[in-house]
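Let me begin by presenting the structure, written as structure tokens, before commenting on it.
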Amino acid sequence: MPLKAVMVGTADAVRAASERASAWPGIDVIGAALIGAGDCPLKVLARAPMWEAIDVGGLDAHALILAEPPADGATARAILERTAHARMKLYLIEDGAARRVRLDDLLGRPLGAVDWARIRAMVEGKRILITGGGGSIGGELARRIAALAPAALTLIDSSEFNLYRIHRDLPDAKIALADVRDAASMQRWVSGAQPDIVFHTAALKQVPIVETFPSEGVLTNVCGLRNVAEAALNAGADFIFVSTDKAVDPSGAMGASKRLGEIYCQALDRAGGRRAIPVRLGNVLGSTGSVSPIFEAQLAAGGPLTVTDPDVTRFFLTIPQAANALLQAAAVGLVNPDQRGAAFVIEMGEALPVVELAREVIRLEGLRPNEDVAITFTGLRPGEKLHEALIASDEWRANDLAPGALTVASPPHGLADVRERIERLVMLARQGADEAVREALFAAVAAPPKASESEGRAAG
């Protein structure tokens, strides 16, 4: 049975979209709900000066098709709420075809104009290496870079399957099955690739897991980062480190390990030579272990959807947004040496309640939250915060160099001091001394900065 659908929009938008409606498989467009004046080829079932005034529930259809995209994520979420209340599914038109609205459509947070000319200038003819190159962010980054004519692209990952999958998409890329924890392996692979730029995306990122196994978190997120950064700088490459908002005033071992990585990169960057730039992202929707696939799996099983706390909020990005933001921050940061020691923070608008994300997943199926599918609360997990932040209590906003990105500065840490903290921490982690690791990790990120006189002048 074809899905009975009503198209909604201005007369001009409906007229243009209806020309292709007959080719949409499984969809029977029975009429239109017009916003404003004008005529269209479809039977007009409703008309109103604005979409909010249209009686969606009175349209006697299974789906609503937006003839033009909503202005922003908030508008999309409001339309979705009304269609779900009427137990209708929501579609939009993309490249002339009707498709279901997805969760990422509801974010509606453009990161500003992406300067592809500047990004191409950074990538074209250059040798690029990506750790975690088969992962969610690393893989998306690789696909974008591959389209910008690099001289060579090398992808390192410790997952055989991830490498197999990304190599099917990018057969011209060189792949390496290697672990960032192995310093000798990183030196060998990076030296062999002779990259101009290294993007470091490899990490352990699941807060509860790293909280339970802090030694493992340190060995990957701190020792691994140090291994890759040193290999990159030894090879004469610039280094871009993918960090997280959980590094801001961290409450858990994962966030603290990422913050120490930021501190190390900032100290390297201040020391001169090739660049070492941390870039902070929020939660990436659809990435491995992110909340959206969990919600979708719970919904497929009939629910309930589980949220830690009714008040918990998070900053969200889509995978394409995350990749674009990384490239933009790198392209701008690498040509601005006066910003040495700064971190880039991606602007992500207002933090969203996670419970609202759960509601949207339910509504996307044309169902009503807590009527058709329940939402339950399980309590915050160890290491989690109720609310994340983008700028730490000891940081301040510096010059913003790119649309959609903040540049933040912090008191300078001396490189020798940071290296000493890391070395002690890694030694404890190799012993599996989890409690000592946890204590040393938080002491390392909370320690007052020690900077040489020259580093202090450079940072000022």
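On the basis of the beta-carbon distance and an R0 of 35 Å, residue 394 and residue 187 show a calculated FRET efficiency of 0.55.
The relative contact order of the stretch 241-386 comes to 31 percent, based on Cα pairs under 8 Å that sit 6 or more residues apart. Rounded to the nearest 10 degrees, the inclination of helix 160-169 to the longest alpha-carbon principal axis of the chain is 60 degrees. Karplus-based coupling profile of the stretch 428-435, in residue order and whole Hz: 5, 5, 5, 7, x, 7, 4, 5, with θ = phi - 60° in 6.51 cos²θ - 1.76 cosθ + 1.60 and x standing for Gly or Pro.
Here the label points at residue 372 and residue 169, each 7 Å from Cα along the C-beta direction, are separated by 3.1 nm in the simple model.
Residue 153: net charge of surrounding residues, Cβ under 9 Å, Lys/Arg +1, Asp/Glu -1, itself excluded? Result for the local shell: +1. When a/c is below 1.5 the answer is rounded, else prolate if a/b is larger than b/c, else oblate, so apply that to the stretch 355-431 with a ≥ b ≥ c taken from the square roots of the Cα gyration tensor eigenvalues. Because a/c hits 1.5 or more and a/b fails to exceed b/c, the stretch 355-431 counts as oblate.
The translational diffusion coefficient of the stretch 20-161, from Stokes-Einstein at 20 °C and 1.002 mPa s with a Kirkwood hydrodynamic radius over alpha carbon pairs, comes to 115 µm²/s.
Modelled label positions at residue 37 and residue 194, each set 7 Å beyond Cα in the direction of Cβ, lie 7.0 nm from each other. Structural descriptor for the chain: relative contact order 14 percent, calculated from alpha carbon pairs under 8 angstrom and at least 6 residues apart. For 233, 225, 90, the sequence from fewest to most other C-beta atoms within 10 Å is 233, 90, 225.
The ellipsoid that matches the Cα gyration tensor of the chain has semi-axes, each √(5λ) in whole angstrom, of 44, 24, 20, with the longest given first.
Taking the longest Cα principal axis of the chain as reference, the axis of helix 225-234 is set at about 70 degrees.
Each peptide in 191-204, 361-374 was scored by the mean count of other Cβ atoms within 10 Å over its residues; highest first, the order is 191-204, 361-374.
Could you tell me which of rounded, prolate or oblate describes the stretch 3-101, using a ≥ b ≥ c as the square roots of the eigenvalues of the alpha-carbon gyration tensor, with rounded for a/c under 1.5 and, failing that, prolate when a/b is larger than b/c and oblate otherwise? Cα axes put the stretch 3-101 in the rounded bin. Taking Cα atoms, how many degrees apart are the long axis of helix 253-270 and the longest axis of the chain, rounded to 10 and kept between 0 and 90? Roughly 60 degrees between the two axes.
Values quoted throughout were computed directly from the atomic coordinates according to the rules given, and no laboratory measurement underlies them. Everything numeric in this text was worked out from a predicted model, so none of it was measured. Methodologically, a virtual Cβ is constructed for each residue, glycine included, from the backbone with ideal geometry; neighbour enumeration extends over all protein chains shown.
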